[in-house]
1. Taking the stated definitions as given, is Glu136 modelled with pLDDT under 95 and either buried (at least 19 other Cβ atoms within 10 Å of the Cβ) or among the charged types (D, E, K, R) (or both)?
2. Being over 22 Å from Thr118 (Cα atoms), at pLDDT 95 or above and crowded, with 19+ Cβ neighbours inside 10 Å, is that true of even one residue in segment 183-195?
3. Quick check on Asp90: is it of a type outside the set (A, V, I, L, M), within 30 Å of Gly252 (Cα to Cα), in a loop (DSSP other than H, G, I, E, B) and at pLDDT 95 or above?
4. From Ser237, Ser232, Ser253, Ser248, grab the single residue that is out of contact with any helix residue (DSSP H, G or I) (no Cβ under 6 Å at 6 or more places or on another chain), closer than 29 Å to Gly85 by Cβ and surrounded by 13 or more Cβ atoms within 10 Å (Cβ to Cβ).
5. Go through segment 117-139 and give me each residue that's outside any loop (DSSP other than H, G, I, E, B) and under 18 Å from Leu241 (Cβ atoms).
6. Which numbered condition trips up Gln69, out of (1) over 23 Å from Phe182 (Cβ atoms); (2) outside any strand (DSSP E or B)?
7. Answer yes or no as to whether Ala107 is surrounded by 13 or more Cβ atoms within 10 Å (Cβ to Cβ) and part of a helix (DSSP H, G or I).
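The values are calculated or read from the model by the stated rules, or taken from the named source; none is laboratory data. Quick caveat, the model's predicted, so the values are computed rather than measured. For neighbour counting, all protein chains shown are included, and Cβ atoms are generated from backbone atoms with ideal geometry for every residue, glycine included.
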Amino acid sequence: MRRLGIVISVVLMLLAALAPMAQEKPGNMGRVFVTVPRPGMAQQYEEGRKRHMDWHRKQGDTWTWDTWQVETGQASGAYVTGTFGHQWKDFDAWEAKYGKGDLADAAVNLSPSTGGGTNGFWIYLAEVSRPSDSKEPPKMAEVLHFMVNMDDEKAFNGAIRKVHEAIGKTNWPVRYTWYELFNGGEHPHFVLVFPRNSWAEMAPPEVSFEAMLEKAYGEADAETILMSLLKSVHHESSEVLLYRPELSYRPGSK
């Protein structure tokens, strides 16, 4: 189960205004499901996932459900399916309309090939994110998980805000999104996602992260920000996710 906690990501994208977690922002909530197929049953799981997404299509589901496959890291081989852009009340409305049918179809098409899984609710941190202009998911996503010390969450929030502002000031050529786990695992847990459309895009920018910070704030302040980040994080991990359009559902798409 530990490897499942590492992968809960949304895939799917993060850095924000950092209001208290109990406060809802319109359309900033998402739910992410992580699934590990039974040994030797990845193909059966994928076929079942396709049938389940076809169920969503036949029901006229208005939510988008994107699926990603974990390519690297401790959770390699797992699948991440998520939906974002909702308010809390939206989950009640969706559950009332589709919940029973969704569970029944999943029991037939997904459960037989599922070896384990978990799910959680995530907050999209829009005010510190710099998302891609594209409305379509990228082919890949580079995902960084930050497990923050309980006493250092405020410092971490302040540091990532400073970094976000520096990127804007210097026009550093990167796109990214931040999320924070609201419920469903160890806290505080932040995720930073970089959209990628090829392995070549994994190469770092010509100007390094440290050089960008120094350009924005000067050497001394840049060092302070870096140290704040380092001291506030007790564990970091990374992974690459591959987008699986054939295992996803987008309203209006064929």
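1. yes
2. yes
3. No.
4. Details: Ser237 fails: out of contact with any helix residue (DSSP H, G or I) (no Cβ under 6 Å at 6 or more places or on another chain); Ser232 fails: out of contact with any helix residue (DSSP H, G or I) (no Cβ under 6 Å at 6 or more places or on another chain); Ser253 fails: surrounded by 13 or more Cβ atoms within 10 Å (Cβ to Cβ).
Being out of contact with any helix residue (DSSP H, G or I) (no Cβ under 6 Å at 6 or more places or on another chain), closer than 29 Å to Gly85 by Cβ and surrounded by 13 or more Cβ atoms within 10 Å (Cβ to Cβ) holds for just one of Ser237, Ser232, Ser253, Ser248, which is Ser248.
5. Gly117, Thr118, Asn119, Gly120, Trp122, Tyr124
6. (2)
7. no
Matching residues to (1) surrounded by fewer than 21 Cβ atoms within 10 Å (Cβ to Cβ); (2) more than 25 Å from Tyr124 (Cα to Cα); (3) under 15 Å from the mean Cα position of the chain (by Cα); (4) among the polar types (S, T, N, Q):
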{"site": "Arg38", "(1), (2), (3), (4)": "yes, yes, no, no"}
{"site": "Gln43", "(1), (2), (3), (4)": "yes, yes, no, yes"}
{"site": "Glu46", "(1), (2), (3), (4)": "yes, yes, no, no"}
{"site": "Gln59", "(1), (2), (3), (4)": "yes, yes, no, yes"}
{"site": "Thr64", "(1), (2), (3), (4)": "yes, no, yes, yes"}
{"site": "Trp68", "(1), (2), (3), (4)": "no, no, yes, no"}
{"site": "Ala75", "(1), (2), (3), (4)": "no, no, yes, no"}
{"site": "Val80", "(1), (2), (3), (4)": "no, no, yes, no"}
{"site": "Thr83", "(1), (2), (3), (4)": "no, no, yes, yes"}
